[in-house]
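Below is one structure, written out as structure tokens; the observations come after it.
The values are calculated or read from the model by the stated rules, or taken from the named source; none is laboratory data. Quick caveat: nothing in here was measured; it's all calculated off a predicted structure. Neighbour counts run over all protein chains shown; Cβ positions are idealised from the backbone, glycine included.
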Amino acid sequence: MKKIALIILPTHNEAGNIEKLIEEIFKEQEKIEKFLLKILVNDSSSTDKTAEIVKRLIKKYPENLYLIETKKEGLGKAYYQAFLYAKEKIKPYVVFEMDADLSHSPKKIPEMLLEIEKGADMVIGARYIKGGSIPKDWGLHRKVFSFFGNLIIRLGFMNLKIHDWTSGFRAIKFWILNNSLNHIKNYSGYVFQIALLDFAIKEKANIKEIPINFIDRKYGKSKIFFSQYIFNIFLYILKFSSFIKFFIVGIIGFFIDFGLSYLFIEKIHQTVWLATLISTEIAILSNFLLNNFWSFSHKKIQGGFIKYLFNFLKFNFVSAGSVFIQTLGLQILVNVFGKNLWYLYKILIITFIIIPYSYILYNKLIWRNK
């Protein structure tokens, strides 16, 4: 028996596109052996004839085409409502997210399903990898928002393996959607796409990207509001990025270290080496606890005191490596370029070497995925 591959099409005033898209999707069935294509249209209060067109096509495809009609509440809400309907009524094995404006080519559906067969849990149609593209006639502002929006997300989550976080063309095994419902239900717009992908990564889903050529719509009007889009991206990253939280914890640790050093040296008149040792170790302890219960709370250390102690010692080891790298790098730069700009060298080393080094090693050695 074939597994169901459900293509979800959120629509609002897509009368100029929807019939052609549905017909093109169903034509791809002859290229697909192991999956049965079905389409679910969630029409959000269209004022044109979008819903009427779909209802007419249902008579042609009564077993494989579905329509739900909902209020206009944004892209994320439209997908969430469709996921709930699919869970209750259709029970698909894999679900496609796909724009209804012909921006995504149905010819990519067989290729994406092939990756699912090979073991991928989520397949992303990516514009920013080799072979992918965005329209050449896009305005400069749209190119900048799209490209740098994705770059901000990649750096914000310190996940450079995934290139297109906001792509709206995806094939997703339904187990991911089912598990993510509580997480994604409060997000809308393109932040919904980021939230779903972030959840899938934290669930250790196997993510695969394939190149797509994004085609700008010929009919209808784009529904993207870029100012709101960028603002909401920043909010989501600040709330859920382990890397940003890790960076904030590092700043807190710096002030603890500096403040205690000043107290012990200037006020208590303790020897410099002992004051430095105490302040540094207290800062390391603070960083360890804050990272465990905040930055990496989704994979915090469990197993009792011995497990905590062992990982705290590893944390100290990584921190000692950071001190060594910073000291050696700073001395080399001072020897080569002089010491007038030592503070600039220090900032550059911390920003581009120490922070990524620490974050990567902490993830690999201490807060590993379970």
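Step by step: first the residues of the stretch 243-280, then only those that are among the β-branched types (Val, Ile, Thr) and closer than 25 Å to Trp294 by Cα, then the one that is farthest from the chain's Cα centre (by Cα). Which residue is that?
Ile278
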* Asked: With respect to the numbered conditions (1) at negative phi; (2) in contact (Cβ under 8 Å) with a residue 12 or more places away in the chain, which one is the sole condition not fulfilled by Gly74?
  -> (1)
* Structure fact -> Residues in the stretch 51-77 that are at pLDDT 95 or above and part of a helix (DSSP H, G or I) total 10
* Asked: Mind checking whether some residue in the stretch 109-129 is over 21 Å from Leu177 (Cα atoms), in the same structural domain as Thr11 (by TED's automatic domain parsing), free of Cβ contacts under 8 Å to residues at least 12 places away in the same chain and out of contact with any helix residue (DSSP H, G or I) (no Cβ under 8 Å at 6 or more places or on another chain)?
  -> no
* Any idea which of Lys370, Lys346 is closer than 30 Å to Phe240 by Cα, surrounded by 12 or more Cβ atoms within 10 Å (Cβ to Cβ), out of contact with any Phe, Trp or Tyr (no Cβ under 7 Å at 6 or more places or on another chain) and modelled with pLDDT under 85? -> Lys346
* Structure fact -> Subset of the stretch 144-171, residues within 18 Å of Phe231 (Cα to Cα) and either exposed (fewer than 14 other Cβ atoms within 10 Å of the Cβ) or assigned by TED's automatic domain parsing to the domain that holds Ile360 (or both), comes to Val144, Phe147, Phe148
* To do: Taking Leu114 as the residue in question, decide whether it is at pLDDT below 95 and among the hydrophobic types (A, V, I, L, M, F, W, C).
  => no
* Asked: What single numbered condition from (1) modelled with pLDDT of 90 or more; (2) loosely packed, with under 15 Cβ neighbours inside 10 Å; (3) part of a loop (DSSP other than H, G, I, E, B) fails to hold for Trp138?
  -> (1)
* If you go through the stretch 99-132 one residue at a time, how many are part of a helix (DSSP H, G or I), within 20 Å of Ile162 (Cα to Cα) and in contact with a Lys or Arg (Cβ under 6 Å, 6 or more places away or on another chain)? -> 1
* Filter the stretch 107-124 for residues that are buried (at least 20 other Cβ atoms within 10 Å of the Cβ) and either more than 16 Å from Asn206 (Cβ to Cβ) or of a type in the set (Phe, Trp, Tyr) (or both) and give the result. => Lys108, Ile109
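I'm trying to understand the selection: among the residues of the stretch 16-48, which are within 17 Å of Thr70 (Cβ to Cβ), without any contact (Cβ under 8 Å) to a residue 40 or more places away in the chain and more than 27 Å from the chain's Cα centre (by Cα)?
The initial filter retains those residues of the stretch 16-48 that are within 17 Å of Thr70 (Cβ to Cβ), namely 18, 39-48.
The next check asks that each one be without any contact (Cβ under 8 Å) to a residue 40 or more places away in the chain; those that pass are 39, 43-48.
Answer for the stretch 16-48, where residues must be within 17 Å of Thr70 (Cβ to Cβ), without any contact (Cβ under 8 Å) to a residue 40 or more places away in the chain and more than 27 Å from the chain's Cα centre (by Cα): Ser45, Ser46, Thr47, Asp48.
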* To do: Could you check, for the stretch 312-326, whether at least one of its residues is surrounded by 14 or more Cβ atoms within 10 Å (Cβ to Cβ), farther than 18 Å from Tyr357 by Cβ and not β-branched (Val, Ile, Thr)?
  => yes
* Among Ile152, Ile176, Ile194, Ile172, which is the only one that is in contact (Cβ under 8 Å) with a residue 12 or more places away in the chain, more than 13 Å from the chain's Cα centre (by Cα) and assigned to a helix (DSSP H, G or I)? -> Ile176
* Asked: Is it fair to say Ile301 is outside any helix (DSSP H, G or I) and in contact with a helix residue (DSSP H, G or I) (Cβ under 9 Å, 6 or more places away or on another chain)?
  -> yes
* Asked: With respect to the numbered conditions (1) in a helix (DSSP H, G or I); (2) surrounded by fewer than 17 Cβ atoms within 10 Å (Cβ to Cβ), which one is the sole condition not fulfilled by Ala82?
  -> (2)
* Answer yes if at least one residue in the stretch 265-275 is assigned to a helix (DSSP H, G or I), surrounded by 11 or more Cβ atoms within 10 Å (Cβ to Cβ), at pLDDT 85 or above and assigned by TED's automatic domain parsing to the domain that holds Phe246, and no otherwise. => no
